[in-house]
Amino acid sequence: MIDIVRAEPLHRAGWERLWRQNIANFGAADMTDHVIDVLWHRILDSDHAMQAWLAVDRRGEKDDPADDSAVVGLAHIIVHPHTFSLRNVGYLEDFWVPADQRGQGIGKQLIAALKIQAKQQDWVRLYWLTAGDNHNAQRLYDRLTQRVDAVLYKIDTV
C-alpha cells in the first residue's frame, strides 16, 4: 500500500535519497549539503511557501515510515498568489519516482493526492512544466490532465 503524506522530520533520509537521485538526473549533482539542509528546513516550515509530499510504501518490510527505502516518490509544491484571483495556486516544481519504482502507479497516486490537497487548500489550480523530451512523464501527465500550449522563457541571473 502506498500512502501519500506531507513530509515530516522522520522522512529526512528517504526524502534526501530521492532528492539526490533527482538532482543528479537533472544535472544539479553539485548541489551542496548546505543547500539541501536549507531546502529541508523550508519544507518543514509551515509558514514557508514550499511543501513536500512523499509516496511512502507501507507494504511488507517497508512498514516503518522512518525507513528511508519506504519513500518511493516525492513532489515539491510552491504555493503562491494568483493575479486573477484572491486564491493561491500550487506550482509542482519537482516530481520524482525512482526508475525502479516506475510503472506501478506511484506518480498517478501522487498527482491524485496533490489534486485533493489543491481542493482542500483552496488553490485555483495545480500546474507544472516538464521538459519537451521527457516523453515518459508526458505520457503520464497526458492521461491525467489536459496539456496547455505555452512557451517558456527564462532569464538566468547566475
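When the residues of segment 8-50 are narrowed to those that are closer than 13 Å to HIS76 by Cα and in contact (Cβ under 8 Å) with a residue 60 or more places away in the chain, which ends up surrounded by the fewest Cβ atoms within 10 Å (Cβ to Cβ)?
Among those that are closer than 13 Å to HIS76 by Cα and in contact (Cβ under 8 Å) with a residue 60 or more places away in the chain, it is ASN22.
Could you go through segment 69-80 and let me know if any residue there is part of a loop (DSSP other than H, G, I, E, B) and at pLDDT below 95.
no
Restricting attention to segment 92-112, which residues are outside any helix (DSSP H, G or I) and among the small types (Gly, Ala, Ser)?
Of all residues in segment 92-112, those outside any helix (DSSP H, G or I) come to 92-98, 102-105.
Selection gives GLY103, GLY105.
Can you pull out the residues in segment 1-46 that are farther than 22 Å from THR130 by Cα, among the basic types (Lys, Arg) and either more than 14 Å from the chain's Cα centre (by Cα) or assigned to a helix (DSSP H, G or I) (or both)?
Across segment 1-46, the qualifying residues are ARG12, ARG42.
In segment 113-141, what residues are touching a residue at least 12 places away in the same chain (Cβ under 8 Å), part of a helix (DSSP H, G or I) and farther than 20 Å from ASN22 by Cα?
Within segment 113-141, ALA113, GLN117, ALA118 meet the criteria.
What is the number of the single condition among (1) in contact with a Pro (Cβ under 7 Å, 6 or more places away or on another chain); (2) exposed (fewer than 13 other Cβ atoms within 10 Å of the Cβ) that GLN146 does not meet?
Every condition holds for GLN146 apart from (1).
Every residue in segment 101-116 that is modelled with pLDDT under 95 and either loosely packed, with under 12 Cβ neighbours inside 10 Å or under 19 Å from ALA131 (Cα atoms) (or both), please.
Correct list: ARG102, GLY103.
The values are calculated or read from the model by the stated rules, or taken from the named source; none is laboratory data. Since the model is a prediction, treat every value here as computed from it, not as a measurement. Heads up, the Cβs are rebuilt from the backbone with ideal geometry, glycines too, and the neighbour counts pull from every protein chain shown.
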